[in-house]
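Worksheet: one structure, shown below.
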Amino acid sequence: MRAVVLTKGEFRVEDLPIPTPGPGQLLVDVTRCGICGSDLHARVHGDDLADLAAATGYDNFMRSDQNIVLGHEFTGEALEYGPGTRRRWKPGTPVVALPILRHGRVPELTGLSAAAPGGYAEQVLVQEAMTFEVPNGLAPDLAALTEPMAVGWHAVRRGRVGRNQTAFVIGCGPIGLAVISMLKASGVRTVVASDFSPRRRELATRCGADVVVDPGVESPWEATPKKSRINGASDILNLGFDAMERLRRIPNVPWWYIFRLAHTLNQGPSGPVVFECVGVPGILDQILSAAPPMSRVVVVGVCMQPDTIHPATAINKEIDLRFVLGYDPGEFRDTLHMIADGKVDPSPLITGTIGLAGVDAAFTALGSPEHHAKVLIDPRSPAVTLG
(Lines give C-alpha, C1' and ligand atoms only; values in the text may rest on other atoms or scores of the structure.)
Protein backbone atom coordinates (compact mmCIF):
# COMPACT_ATOMS: atom_id res chain seq x y z
CA MET A 1 0.00 0.00 0.00
CA ARG A 2 1.05 3.62 -0.50
CA ALA A 3 1.46 5.68 2.67
CA VAL A 4 2.95 8.96 3.83
CA VAL A 5 5.83 8.27 6.23
CA LEU A 6 7.14 10.90 8.64
CA THR A 7 10.71 10.74 9.98
CA LYS A 8 12.56 13.61 11.66
CA GLY A 9 9.99 16.10 10.43
CA GLU A 10 10.20 15.08 6.77
CA PHE A 11 7.41 13.45 4.73
CA ARG A 12 7.87 10.89 1.98
CA VAL A 13 5.45 8.64 0.12
CA GLU A 14 6.44 4.98 0.35
CA ASP A 15 5.14 1.55 -0.59
CA LEU A 16 4.60 -0.33 2.67
CA PRO A 17 3.36 -3.86 3.33
CA ILE A 18 -0.41 -4.04 3.75
CA PRO A 19 -1.06 -4.42 7.51
CA THR A 20 -2.25 -7.81 8.70
CA PRO A 21 -5.17 -7.58 11.16
CA GLY A 22 -4.44 -9.21 14.49
CA PRO A 23 -6.87 -10.60 17.07
CA GLY A 24 -9.98 -8.44 17.29
CA GLN A 25 -8.85 -6.20 14.44
CA LEU A 26 -10.21 -5.15 11.06
CA LEU A 27 -8.36 -3.86 8.00
CA VAL A 28 -10.03 -0.79 6.49
CA ASP A 29 -9.58 0.63 3.00
CA VAL A 30 -9.18 4.37 3.67
CA THR A 31 -11.42 6.70 1.66
CA ARG A 32 -10.71 9.97 3.54
CA CYS A 33 -8.46 11.10 6.37
CA GLY A 34 -8.39 14.53 7.98
CA ILE A 35 -5.26 16.45 8.89
CA CYS A 36 -5.53 17.41 12.56
CA GLY A 37 -3.86 20.28 14.38
CA SER A 38 -2.24 17.71 16.65
CA ASP A 39 -0.62 16.20 13.54
CA LEU A 40 0.96 19.57 12.81
CA HIS A 41 2.28 19.73 16.38
CA ALA A 42 3.48 16.11 16.31
CA ARG A 43 5.53 16.73 13.17
CA VAL A 44 7.59 19.40 14.91
CA HIS A 45 7.22 18.64 18.62
CA GLY A 46 6.82 14.86 18.64
CA ASP A 47 9.48 14.27 21.28
CA ASP A 48 7.98 16.88 23.63
CA LEU A 49 4.55 15.32 23.19
CA ALA A 50 6.04 11.88 23.84
CA ASP A 51 7.63 13.09 27.09
CA LEU A 52 4.30 14.59 28.17
CA ALA A 53 2.44 11.38 27.29
CA ALA A 54 4.97 9.30 29.23
CA ALA A 55 4.52 11.53 32.27
CA THR A 56 0.79 10.82 32.18
CA GLY A 57 1.17 7.04 31.75
CA TYR A 58 1.40 6.36 27.98
CA ASP A 59 4.90 5.29 26.90
CA ASN A 60 4.44 4.57 23.19
CA PHE A 61 3.80 8.02 21.74
CA MET A 62 5.71 8.66 18.50
CA ARG A 63 9.31 9.85 18.55
CA SER A 64 10.93 12.01 15.89
CA ASP A 65 13.47 9.35 14.85
CA GLN A 66 10.78 6.71 14.22
CA ASN A 67 8.97 6.01 10.95
CA ILE A 68 5.43 7.21 11.59
CA VAL A 69 2.25 7.14 9.50
CA LEU A 70 0.08 9.93 10.88
CA GLY A 71 -3.71 10.19 10.63
CA HIS A 72 -6.41 9.59 13.24
CA GLU A 73 -9.47 11.21 11.58
CA PHE A 74 -10.41 8.63 8.97
CA THR A 75 -13.20 6.70 7.34
CA GLY A 76 -13.10 3.81 4.90
CA GLU A 77 -14.54 0.46 3.89
CA ALA A 78 -14.32 -2.83 5.76
CA LEU A 79 -11.82 -5.07 4.00
CA GLU A 80 -10.40 -8.01 5.98
CA TYR A 81 -10.87 -9.40 9.50
CA GLY A 82 -8.36 -10.80 11.93
CA PRO A 83 -8.87 -13.79 14.26
CA GLY A 84 -11.31 -13.53 17.13
CA THR A 85 -13.62 -11.05 15.38
CA ARG A 86 -17.38 -11.23 14.92
CA ARG A 87 -17.13 -10.10 11.27
CA ARG A 88 -19.93 -7.63 11.79
CA TRP A 89 -19.88 -6.02 8.34
CA LYS A 90 -19.55 -7.26 4.80
CA PRO A 91 -16.45 -6.19 2.86
CA GLY A 92 -17.08 -2.80 1.29
CA THR A 93 -19.26 -1.53 4.14
CA PRO A 94 -18.39 2.12 5.02
CA VAL A 95 -17.13 2.44 8.59
CA VAL A 96 -15.48 4.83 11.00
CA ALA A 97 -13.48 3.87 14.08
CA LEU A 98 -11.96 5.30 17.20
CA PRO A 99 -8.25 5.77 16.47
CA ILE A 100 -6.97 3.26 18.99
CA LEU A 101 -5.66 -0.31 18.68
CA ARG A 102 -4.85 -2.89 21.29
CA HIS A 103 -2.00 -5.35 20.93
CA GLY A 104 -2.74 -7.83 23.69
CA ARG A 105 -3.33 -5.56 26.66
CA VAL A 106 -1.24 -2.70 25.28
CA PRO A 107 -3.26 0.22 23.83
CA GLU A 108 -1.76 2.16 20.91
CA LEU A 109 -2.87 5.54 19.57
CA THR A 110 -3.52 5.15 15.86
CA GLY A 111 -1.53 7.62 13.82
CA LEU A 112 0.49 8.74 16.85
CA SER A 113 2.41 5.55 17.56
CA ALA A 114 4.90 3.57 15.50
CA ALA A 115 2.97 0.43 16.50
CA ALA A 116 -0.33 1.76 15.03
CA PRO A 117 0.16 3.38 11.60
CA GLY A 118 -2.60 5.84 10.79
CA GLY A 119 -4.83 6.95 7.96
CA TYR A 120 -2.33 8.83 5.77
CA ALA A 121 -2.34 5.59 3.80
CA GLU A 122 -4.45 3.40 1.56
CA GLN A 123 -5.24 0.98 4.40
CA VAL A 124 -5.38 1.22 8.19
CA LEU A 125 -5.99 -1.24 11.03
CA VAL A 126 -8.83 -0.63 13.50
CA GLN A 127 -10.26 -2.49 16.47
CA GLU A 128 -13.54 -4.14 15.51
CA ALA A 129 -15.10 -3.36 18.90
CA MET A 130 -14.32 0.34 18.36
CA THR A 131 -15.72 0.47 14.82
CA PHE A 132 -19.14 1.71 13.63
CA GLU A 133 -20.98 1.41 10.35
CA VAL A 134 -21.58 4.73 8.60
CA PRO A 135 -25.37 5.23 8.43
CA ASN A 136 -27.69 6.91 5.94
CA GLY A 137 -25.26 6.88 3.03
CA LEU A 138 -23.20 9.63 4.67
CA ALA A 139 -20.48 10.88 2.31
CA PRO A 140 -16.86 10.02 3.21
CA ASP A 141 -15.93 13.71 3.48
CA LEU A 142 -18.39 14.14 6.34
CA ALA A 143 -17.87 10.72 7.93
CA ALA A 144 -14.16 11.52 8.28
CA LEU A 145 -15.07 14.45 10.51
CA THR A 146 -16.65 12.20 13.14
CA GLU A 147 -13.45 12.20 15.19
CA PRO A 148 -12.83 15.97 15.44
CA MET A 149 -16.54 16.66 15.90
CA ALA A 150 -16.60 14.11 18.73
CA VAL A 151 -13.88 16.16 20.45
CA GLY A 152 -16.21 19.16 20.23
CA TRP A 153 -19.19 17.15 21.48
CA HIS A 154 -17.23 15.87 24.47
CA ALA A 155 -16.17 19.44 25.35
CA VAL A 156 -19.76 20.68 25.10
CA ARG A 157 -21.05 17.83 27.29
CA ARG A 158 -18.35 18.49 29.88
CA GLY A 159 -19.28 22.17 29.75
CA ARG A 160 -22.84 21.38 30.89
CA VAL A 161 -24.18 24.43 29.05
CA GLY A 162 -27.81 25.29 29.65
CA ARG A 163 -29.84 26.38 26.64
CA ASN A 164 -30.34 29.83 28.14
CA GLN A 165 -26.72 30.27 29.16
CA THR A 166 -24.33 32.24 26.99
CA ALA A 167 -21.42 30.21 25.61
CA PHE A 168 -18.19 31.91 24.59
CA VAL A 169 -15.80 30.17 22.19
CA ILE A 170 -12.35 31.75 22.26
CA GLY A 171 -10.45 30.63 19.16
CA CYS A 172 -12.12 29.45 15.96
CA GLY A 173 -9.71 26.90 14.57
CA PRO A 174 -11.07 23.45 13.64
CA ILE A 175 -11.79 22.44 17.24
CA GLY A 176 -13.34 25.81 18.09
CA LEU A 177 -15.55 25.47 15.02
CA ALA A 178 -16.52 21.95 16.11
CA VAL A 179 -17.46 23.29 19.55
CA ILE A 180 -19.60 26.03 17.98
CA SER A 181 -21.39 23.50 15.77
CA MET A 182 -22.07 21.18 18.68
CA LEU A 183 -23.27 23.98 20.95
CA LYS A 184 -25.87 24.96 18.39
CA ALA A 185 -26.81 21.31 17.78
CA SER A 186 -27.42 20.93 21.51
CA GLY A 187 -29.81 23.89 21.50
CA VAL A 188 -27.69 26.62 23.11
CA ARG A 189 -29.34 29.87 22.08
CA THR A 190 -26.44 32.33 22.35
CA VAL A 191 -22.93 31.48 21.17
CA VAL A 192 -20.31 34.24 21.02
CA ALA A 193 -17.19 33.39 19.01
CA SER A 194 -13.90 35.29 19.00
CA ASP A 195 -10.90 35.07 16.67
CA PHE A 196 -8.39 37.49 15.12
CA SER A 197 -8.61 35.77 11.71
CA PRO A 198 -11.27 37.09 9.29
CA ARG A 199 -11.40 33.70 7.58
CA ARG A 200 -12.04 31.88 10.85
CA ARG A 201 -14.67 34.40 11.89
CA GLU A 202 -16.44 33.74 8.58
CA LEU A 203 -16.36 29.99 9.24
CA ALA A 204 -17.63 30.55 12.81
CA THR A 205 -20.66 32.33 11.38
CA ARG A 206 -21.26 29.46 8.95
CA CYS A 207 -21.06 27.01 11.86
CA GLY A 208 -23.86 28.86 13.65
CA ALA A 209 -22.25 31.37 16.02
CA ASP A 210 -24.76 34.07 16.92
CA VAL A 211 -22.17 36.79 17.54
CA VAL A 212 -18.67 36.80 16.04
CA VAL A 213 -16.06 39.34 17.09
CA ASP A 214 -12.51 40.37 16.30
CA PRO A 215 -10.93 40.62 19.77
CA GLY A 216 -8.48 43.18 18.42
CA VAL A 217 -11.42 45.52 17.87
CA GLU A 218 -14.14 44.46 20.31
CA SER A 219 -14.24 42.56 23.58
CA PRO A 220 -16.25 39.33 23.27
CA TRP A 221 -17.47 39.86 26.84
CA GLU A 222 -19.17 43.10 25.81
CA ALA A 223 -20.57 41.72 22.56
CA THR A 224 -23.12 39.32 24.00
CA PRO A 225 -26.74 40.42 23.51
CA LYS A 226 -27.61 38.84 26.85
CA LYS A 227 -25.82 40.69 29.63
CA SER A 228 -24.88 38.83 32.80
CA ARG A 229 -26.55 39.88 36.03
CA ILE A 230 -23.30 39.15 37.85
CA ASN A 231 -20.37 41.24 36.72
CA GLY A 232 -18.35 41.65 39.89
CA ALA A 233 -18.01 40.95 43.61
CA SER A 234 -20.57 43.63 44.48
CA ASP A 235 -23.18 41.89 42.34
CA ILE A 236 -22.55 38.58 44.14
CA LEU A 237 -22.88 40.22 47.57
CA ASN A 238 -26.02 42.11 46.60
CA LEU A 239 -27.54 38.90 45.27
CA GLY A 240 -27.06 37.39 48.73
CA PHE A 241 -28.67 40.39 50.41
CA ASP A 242 -31.64 40.35 48.02
CA ALA A 243 -32.20 36.61 48.45
CA MET A 244 -32.10 36.78 52.25
CA GLU A 245 -34.46 39.76 52.41
CA ARG A 246 -37.04 37.94 50.28
CA LEU A 247 -36.72 34.65 52.15
CA ARG A 248 -36.97 36.30 55.58
CA ARG A 249 -40.33 37.78 54.61
CA ILE A 250 -41.86 34.29 54.33
CA PRO A 251 -43.07 33.20 57.80
CA ASN A 252 -42.22 29.78 59.18
CA VAL A 253 -40.01 28.83 56.22
CA PRO A 254 -36.59 27.33 57.04
CA TRP A 255 -34.77 29.45 54.49
CA TRP A 256 -31.53 27.48 54.85
CA TYR A 257 -33.26 24.44 53.34
CA ILE A 258 -33.88 26.46 50.21
CA PHE A 259 -30.15 27.16 49.94
CA ARG A 260 -29.40 23.46 50.41
CA LEU A 261 -31.96 22.51 47.76
CA ALA A 262 -30.51 25.03 45.31
CA HIS A 263 -27.06 23.51 45.78
CA THR A 264 -28.38 19.96 45.41
CA LEU A 265 -30.19 20.81 42.18
CA ASN A 266 -27.30 22.97 40.92
CA GLN A 267 -29.74 25.87 40.55
CA GLY A 268 -27.72 28.62 42.13
CA PRO A 269 -26.56 31.75 40.28
CA SER A 270 -24.10 31.06 37.47
CA GLY A 271 -22.20 32.85 34.77
CA PRO A 272 -21.55 31.83 31.17
CA VAL A 273 -19.56 28.85 29.93
CA VAL A 274 -16.30 29.71 28.19
CA PHE A 275 -14.48 27.33 25.84
CA GLU A 276 -10.77 28.08 25.50
CA CYS A 277 -9.83 26.71 22.07
CA VAL A 278 -6.54 28.52 21.40
CA GLY A 279 -3.91 26.67 23.44
CA VAL A 280 -1.18 29.29 23.68
CA PRO A 281 0.39 30.69 26.86
CA GLY A 282 -1.42 33.64 28.38
CA ILE A 283 -4.88 32.96 26.96
CA LEU A 284 -6.16 31.10 30.00
CA ASP A 285 -5.12 33.85 32.39
CA GLN A 286 -6.72 36.46 30.13
CA ILE A 287 -9.98 34.52 30.25
CA LEU A 288 -9.87 34.14 34.04
CA SER A 289 -9.31 37.90 34.35
CA ALA A 290 -12.05 38.94 31.91
CA ALA A 291 -14.79 36.33 32.35
CA PRO A 292 -17.75 37.18 34.61
CA PRO A 293 -17.88 35.69 38.12
CA MET A 294 -19.17 32.13 38.48
CA SER A 295 -18.24 31.27 34.90
CA ARG A 296 -17.25 27.76 33.91
CA VAL A 297 -14.09 27.67 31.78
CA VAL A 298 -13.56 24.54 29.67
CA VAL A 299 -9.98 24.20 28.41
CA VAL A 300 -10.05 22.49 25.01
CA GLY A 301 -6.96 24.04 23.39
CA VAL A 302 -3.74 22.11 24.03
CA CYS A 303 -1.00 24.41 25.32
CA MET A 304 2.39 22.68 25.11
CA GLN A 305 4.38 25.36 26.92
CA PRO A 306 4.44 26.19 30.63
CA ASP A 307 1.82 28.78 31.45
CA THR A 308 1.02 31.12 34.34
CA ILE A 309 -2.35 31.95 35.84
CA HIS A 310 -3.40 33.96 38.88
CA PRO A 311 -5.39 31.51 41.03
CA ALA A 312 -6.62 34.27 43.33
CA THR A 313 -8.49 35.83 40.42
CA ALA A 314 -10.34 32.59 39.76
CA ILE A 315 -10.90 32.07 43.49
CA ASN A 316 -12.39 35.52 44.01
CA LYS A 317 -14.74 34.96 41.08
CA GLU A 318 -15.39 31.32 42.05
CA ILE A 319 -14.67 30.20 38.49
CA ASP A 320 -15.02 26.53 37.63
CA LEU A 321 -12.03 25.33 35.57
CA ARG A 322 -12.29 22.08 33.58
CA PHE A 323 -9.84 20.39 31.23
CA VAL A 324 -11.04 18.02 28.50
CA LEU A 325 -9.46 15.45 26.21
CA GLY A 326 -10.92 13.26 23.48
CA TYR A 327 -14.28 11.49 23.89
CA ASP A 328 -15.71 8.13 24.88
CA PRO A 329 -17.09 5.48 22.47
CA GLY A 330 -20.69 6.55 23.15
CA GLU A 331 -19.91 10.17 22.29
CA PHE A 332 -18.10 9.05 19.13
CA ARG A 333 -21.07 6.96 18.02
CA ASP A 334 -23.56 9.71 18.85
CA THR A 335 -21.51 12.25 16.91
CA LEU A 336 -21.53 10.02 13.84
CA HIS A 337 -25.32 9.74 13.98
CA MET A 338 -25.80 13.46 14.63
CA ILE A 339 -23.88 14.15 11.41
CA ALA A 340 -25.66 11.41 9.44
CA ASP A 341 -29.09 12.55 10.68
CA GLY A 342 -28.42 16.16 9.71
CA LYS A 343 -28.51 17.45 13.29
CA VAL A 344 -25.09 18.99 12.84
CA ASP A 345 -23.37 20.02 9.61
CA PRO A 346 -19.55 19.95 9.71
CA SER A 347 -19.14 20.75 6.01
CA PRO A 348 -18.05 24.40 6.61
CA LEU A 349 -14.87 23.05 8.21
CA ILE A 350 -13.74 21.34 4.98
CA THR A 351 -11.66 23.74 2.93
CA GLY A 352 -9.64 21.41 0.72
CA THR A 353 -8.79 17.86 -0.37
CA ILE A 354 -5.35 16.54 -1.29
CA GLY A 355 -3.70 13.28 -2.33
CA LEU A 356 -0.94 11.47 -0.44
CA ALA A 357 1.74 13.23 -2.47
CA GLY A 358 0.35 16.61 -1.44
CA VAL A 359 0.51 16.13 2.35
CA ASP A 360 3.64 18.24 2.78
CA ALA A 361 2.05 21.11 0.81
CA ALA A 362 -1.13 20.78 2.91
CA PHE A 363 0.84 21.08 6.15
CA THR A 364 2.44 24.27 4.84
CA ALA A 365 -0.96 25.69 3.85
CA LEU A 366 -2.44 24.85 7.26
CA GLY A 367 0.25 26.95 8.90
CA SER A 368 -1.81 30.04 7.98
CA PRO A 369 -5.29 30.52 9.44
CA GLU A 370 -6.41 32.69 6.53
CA HIS A 371 -7.08 29.97 3.98
CA HIS A 372 -7.77 26.51 5.37
CA ALA A 373 -9.44 24.92 8.39
CA LYS A 374 -9.76 21.18 7.68
CA VAL A 375 -7.92 19.54 4.80
CA LEU A 376 -8.87 15.98 3.89
CA ILE A 377 -6.60 13.37 2.32
CA ASP A 378 -8.00 11.18 -0.45
CA PRO A 379 -5.44 8.37 -0.78
CA ARG A 380 -6.45 7.74 -4.42
CA SER A 381 -6.34 11.38 -5.50
CA PRO A 382 -3.44 12.62 -7.65
CA ALA A 383 -3.83 16.18 -6.29
CA VAL A 384 -0.58 17.63 -4.96
CA THR A 385 -1.69 21.23 -4.39
CA LEU A 386 -4.65 22.91 -2.72
CA GLY A 387 -6.81 25.41 -4.53
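Loop-located trypsin sites (Lys or Arg not before Pro) in the stretch 55-93 (DSSP state other than H, G, I, E, B) with a sparse environment of at most 12 neighbouring Cβ atoms within 10 Å: Arg86, Arg87.
The 3J(HN,Hα) values that the Karplus relation (6.51, -1.76, 1.60; θ = phi - 60°) gives for the stretch 204-211 are, in residue order, 4, 5, 5, 7, x, 4, 7, 9 Hz. Gly and Pro appear as x.
Normalising the average separation of contacting C-alpha pairs (under 8 angstrom, six or more residues apart) by the number of residues puts the relative contact order of the stretch 146-268 at 17 percent.
In order along the stretch 337-347, the phi-based Karplus estimate (6.51 cos²θ - 1.76 cosθ + 1.60, θ = phi - 60°) of 3J(HN,Hα) comes to 6, 4, 5, 5, 8, x, 6, 9, 10, x, 4 Hz; Gly and Pro are listed as x.
The mean sequence distance of close C-alpha pairs (under 8 Å, at least 6 residues apart), as a share of the length of the stretch 5-74, puts its relative contact order at 47 percent.
Tell me the per residue accessible area of the stretch 173-311 using a 1.4 Å probe; a whole number in Å² is fine.
Here the residues of the stretch 173-311 average 54 Å² of exposed surface.
Counting only Cα atoms, the stretch 3-102 measures 41, 31, 23 Å along its principal axes, largest extent leading.
Taking Gly162, Gly271, Gly137 in turn, the Gaussian network model of the chain (Cα-Cα springs below 10 Å) assigns the largest fluctuation to Gly137.
Once each part is reduced to its C-alpha centroid, what is the distance from the stretch 157-221 to the stretch 116-142 in angstrom? Their Cα centres are 29 Å away from one another.
May I ask you to give the solvent-accessible area per residue for the stretch 88-156, in square angstrom, as obtained with a 1.4 angstrom probe? It would help to have the intermediate numbers written out before the result.
Working: 2430 Å² over 69 residues.
Dividing the accessible area of the stretch 88-156 by its residue count gives 35 Å².
How would the stretch 237-350 be classified by its alpha-carbon gyration tensor: rounded, prolate or oblate, with rounded meaning a/c under 1.5 and the a/b versus b/c comparison settling the rest? Taking the square roots of the gyration eigenvalues as a ≥ b ≥ c, the stretch 237-350 is oblate.
What number, rounded to the nearest 500 deg cm²/dmol, is the helix-based mean residue ellipticity at 222 nm of the chain, given -39500 (n - 2.57) per DSSP H run of at least four residues and division by all its residues?
Working: 12 runs with 123 residues, N = 387.
It comes out at -9500 deg cm²/dmol, rounded to the nearest 500.
Residues whose amide H falls under 5 Å from that of Gln123, counting only those 5 or more places apart or on a different chain, are Val30, with hydrogens built in the peptide plane. When only Cα pairs below 8 angstrom with a gap of at least 6 residues are kept, the chain shows a relative contact order of 17 percent.
Sorting the segments 297-305, 174-182 by their mean number of nearby beta carbons within 10 angstrom, highest to lowest, gives 174-182, 297-305. Each residue was assigned an accessible area with a 1.4 Å probe, and for Leu79 the value is about 80 Å².
Who wins for biggest fluctuation among Pro99, Pro23, Pro220 in a Gaussian network model of the chain, springs between alpha carbons below 10 Å? In this elastic network of the chain, the residue with the biggest mean-square fluctuation among Pro99, Pro23, Pro220 is Pro23.
Could you sort His45, His337 by accessible area so the largest value comes first, with the probe set to 1.4 Å?
On the way: His45 75, His337 50 Å².
Ranked from most to least accessible, the order is His45, His337.
Taking every protein chain into account, the accessible area of the stretch 345-387 amounts to 39 square angstrom per residue (probe 1.4 Å). Which percent of the accessible area of the chain is formed by carbon and sulfur heavy atoms (probe 1.4 angstrom)? For the chain, the apolar C and S fraction of the accessible surface comes to 54 percent. With a threshold of 27 Å on the Cα-Cα distance, the over-threshold entries among Lys317/Lys374; Lys184/Lys374; Lys8/Lys90; Lys317/Lys343; Lys226/Lys374 are Lys317/Lys374; Lys8/Lys90; Lys317/Lys343; Lys226/Lys374. Computed from backbone phi, the HN-Hα couplings of the stretch 215-221 come to x, x, 10, 9, 6, x, 5 Hz, rounded to whole numbers (Karplus: 6.51 cos²θ - 1.76 cosθ + 1.60, θ = phi - 60°; Gly and Pro given as x). Where both residues lie in the chain, what percent of DSSP beta bridges are antiparallel, nearest 5? Of the beta bridges lying entirely in the chain, close to 60 percent run antiparallel.
Along the charge dipole of the chain, which of Val274, Val188, Trp89 sits closest to the positive end, that is, farthest toward it, with unit charges on the beta carbon of Lys, Arg, Asp and Glu (+1, +1, -1, -1)? Most positive-ward Cα: Val188.
Note on Arg157: accessible area approximately 100 square angstrom, rounded to 10, probe 1.4 Å, nucleic acids and ligands left out.
Taken along the Cα-to-beta-carbon direction at a fixed 7 Å, the label points for Arg246 and Cys303 span 3.7 nm. Around the amide H of Ile354, modelled in the peptide plane, lie the amide H atoms of Leu376, Ile377, Asp378, all under 5 Å away and 5 or more residues distant in sequence or on another chain.
Build a GNM of the chain with springs between Cα atoms under 10 Å apart, and of Gly240, Gly358, Gly279 the one that fluctuates most is Gly240. Rg over Rh for the chain works out to 1.03, both radii taken from alpha-carbon positions and Rh defined as the Kirkwood radius. Summarising the amide proton neighbourhood of Thr166: residues at separation of 5 or more, or on other chains, whose placed amide H is nearer than 5 Å comprise Val273.
The values are calculated or read from the model by the stated rules, or taken from the named source; none is laboratory data. For clarity, every value in this text was computed on a predicted model and none was experimentally measured. Glycine gets a Cβ as well: all are built from the backbone with ideal geometry, and neighbour counts include every protein chain shown. The protein model used for the area step is the full one, side chains on, heavy atoms only, and it has no ligands, DNA or RNA in it. Shrake-Rupley method; radii C 1.70, N 1.55, O 1.52, S 1.80 Å.
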